[in-house]
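Heads up: the structure comes next, in structure tokens.
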Amino acid sequence: MSLPTISLESLVSTKSFDQLLTMAKSAGCASSSCGSSAKPDEMDSAVWEKIKDHPCYSEEAHHYFARMHVAVAPACNIQCNYCNRKYDCANESRPGVVSEKLTPDQARRKVIAVANEVPQFSVLGIAGPGDACYDWKKTKATFERVATEISDIKLCISTNGLALPDHVAELADMNVDHVTITINMVDPEIGAKIYPWIFYNNRRHTGIDAARILHERQMLGLEMLTARGILTKINSVMIPGVNCEHLIEVNKWVKERGAFLHNVMPLISDPAHGTHFGLSGQRGPTALELKTLQDRLEDGVKLMRHCRQCRADAVGLLGEDRGQEFTIDQISDDITYDASKRNAYREVVARERGDHVAAKSQAVATVKATGSGKSLHIAVATKGGGRINEHFGHSKEFQVYEASHRGISFIGHRKVEQYCLGGRGADATLEGVIAALKGIDIVLCAKIGDCPKDQLAEAGIRAMDVYGYDYIETAISALYAAEFGSEPLAATA
Ligand code: CLF
Ligand code: SF4
């Protein structure tokens, strides 16, 4: 089915939303609910309603929807050996100082400012810089203020789990459908290597005693959430030599207790961060070690592989951070919510997603039918919408897909330094980009110049822009068939 040309890109930048809305409606799509055509057949409708606009809980949704975090919860009740409180919570962030801590009122203003300007915005998360459940009054006050003004925002928290059981009933009352618990162990002896102390029932606990209490509270919190139908994601920090093998056991425990997703994240460790692990030389896993463990977990709780380890004050699509556009000093005291951009965007996305899913399904069938036992690793430059729509030189990350007899899978991302600034590319930066793309067979982008293309080719990586603006999976299936099928496609030569 051909679509009217309303690009998501133009929608994100244009000012004439009434006009776009009219176009969307005249194309026969006046209801945001038609996005349900993207629902996977095997998924329960109630679950799909909860995750279809959540960029972390649905890999497909992360092409379209954005989250923002507000740093309203600085206090924490445990110490993790990978955390230095001067930095973002490592549960949910890459190390980096939170730009500003906010009061619930400031957070409300910031959320409205983002909702007015970022049409993809769908989820408000509280992920530190401390613990959202321990610093509960501020978390609750923030959610209540925002939900009163923007009723369709999804509310999401991340917690270490120690204080979680005390607040599950209130979370359910506030319609919080998404909770992340960071669970790094189910064996207190391993936990004692990760947590030097916790603060519980007005006193400090250390060693195995501390880890045992934390473990019991995490399991209790998970069970309580599952009993109330709240979708729980488990984040686990993979720490080589400490809990790598053990995370297989963690996956089993959380599966038995109804976890919805498991997100295994690499430890980020650097002496400059001032953490115990950083200062003691504990390394993080390699990309291969992480992927190997994730592959071993494939039969357990469904895995999240598109996490970007965001900051505790991140704003935007996963992988981008627009936080600096929305610092509190730029936001008026009496700002009011204007839903027009978000509404217009949702009208178009609802239609686009159905088409994307149909195209993806056809592409996966093509790859499976090719009958090759071989695999291709493809890095894609994209700025959302499920399409190849970013220039090679403008990319700050590439999304990585694997095509094989099993179909087409998103397997991760590679962060890079932007190669082209002000119309010129820097050779030293390009070397870094090429190094980051090690193991990739093909790069797909909207545009690439001859110079980077040739240098990529010298490194054994083919880069092409002939599929620019196509759906990612459609292009990959064409490439796979060309590579391993009986009739190579001329466009890929
Ligand atoms: Fe934020 Fe976390 Fe909610 Fe997402 S992040 S509180 S579930 S809205 Fe997402 Fe960021 Fe990964 Fe977290 S990509 S670090 S998993
Ligand atoms: Fe740091 Fe978060 Fe651990 Fe608390 S729970 S110590 S803020 S990583």
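Side notes on the structure shown:
- FRET E, pair residue 105, residue 431, Förster distance 41 Å, beta-carbon r, rounded to 0.05: 0.30
- Within region 383-493, percent of DSSP bridges classed antiparallel, to nearest 5: 75
- With Cα atoms, 0 to 90° folded angle of helix 427-436 axis to the chain main axis: 70
- The antiparallel fraction among DSSP beta bridges confined to the chain stands at about 45%.
- Computed about the Cα centre, the dipole magnitude for region 159-210 is approximately 300 debye when only Lys and Arg (+1) and Asp and Glu (-1) carry charge, each at its Cβ.
- The packing ranking of peptides 436-446, 386-396, highest mean first, is 386-396, 436-446, where packing means the average number of other beta carbon atoms within 10 angstrom of each residue.
- A Förster radius of 25 Å combined with the Cβ-Cβ distance from residue 279 to residue 209 puts the calculated FRET efficiency at roughly 0.50.
- Fewest-first sequence of 416, 70 by Cβ atoms within 10 Å of each Cβ: 416, 70
- The order of 313, 187, going from fewest to most other C-beta atoms within 10 Å of their C-beta, is 187, 313.
- Cα→Cβ-extended label distance, 7 Å offset, between residue 424 and residue 296, nm: 4.9
- Angle in degrees between helix 207-227 and the longest Cα principal axis of the chain, rounded to the nearest 10: 60
- Average Cα contact separation per residue, region 367-493, under 8 Å, 6 or more apart, as relative contact order %: 28
- Options 268, 225, 369, ranked by Cα towards positive dipole end of the chain, top entry (Cβ charges): 225
- Normalised contact order of the chain, rounded percent, pairs of Cα under 8 Å and 6 or more residues apart: 16
- Region 385-410 residues near the modelled residue 451 label - backbone nitrogen below 14 Å, point 7 Å along Cα→Cβ: 393-394
- Within region 93-216, percent of DSSP bridges classed antiparallel, to nearest 5: 35
- With R₀ fixed at 30 Å, the C-beta to C-beta distance from residue 248 to residue 355 puts the FRET efficiency at about 0.20.
- By the count of other C-beta atoms within 10 Å, a proxy for reagent exposure, 376, 247 are ordered fewest to most as 376, 247.
- Signed unit charges on C-beta, dipole axis of the chain, positive-most listed residue 188, 449, 45: 188
- Each of the peptides 211-217, 127-133 was scored by the mean count of other Cβ atoms within 10 Å over its residues; in descending order, highest first, they stand as 127-133, 211-217.
- Full extension of the chain between residue 169 and residue 41 gives 42.9 nm of extra length, using 0.36 nm per residue less the Cα-Cα distance.
- For residue 453, a cut-off of 18 angstrom between C-alpha atoms picks up these lysines, skipping any fewer than 8 places away in its own chain: 396, 438.
- log10 of Debye I(q)/I(0), alpha-carbon scatterers only, for the chain at 0.08, 0.13 Å⁻¹: -0.49, -1.35
- Only Lys, Arg (+1) and Asp, Glu (-1) charged, at Cβ; the chain dipole about Cα centre in debye: 480
- Pair residue 289, residue 256: separation of 7 Å Cα→Cβ label points (nm): 2.8
- In this label model, residue 406 and residue 337 are separated by 4.1 nm, measuring between points 7 Å along each Cα→Cβ vector.
- This model, with +1 at the C-beta of Lys and Arg and -1 at the C-beta of Asp and Glu, gives region 215-288 a dipole about its Cα centre of some 200 debye.
Computed from the coordinates by the stated procedures, all read-outs in this text should not be read as laboratory data. Note that this is a predicted model, so its numbers are computed, not measured. All Cβ positions, even for glycine, are placed from backbone atoms using ideal geometry, and neighbour counts span all protein chains on display.
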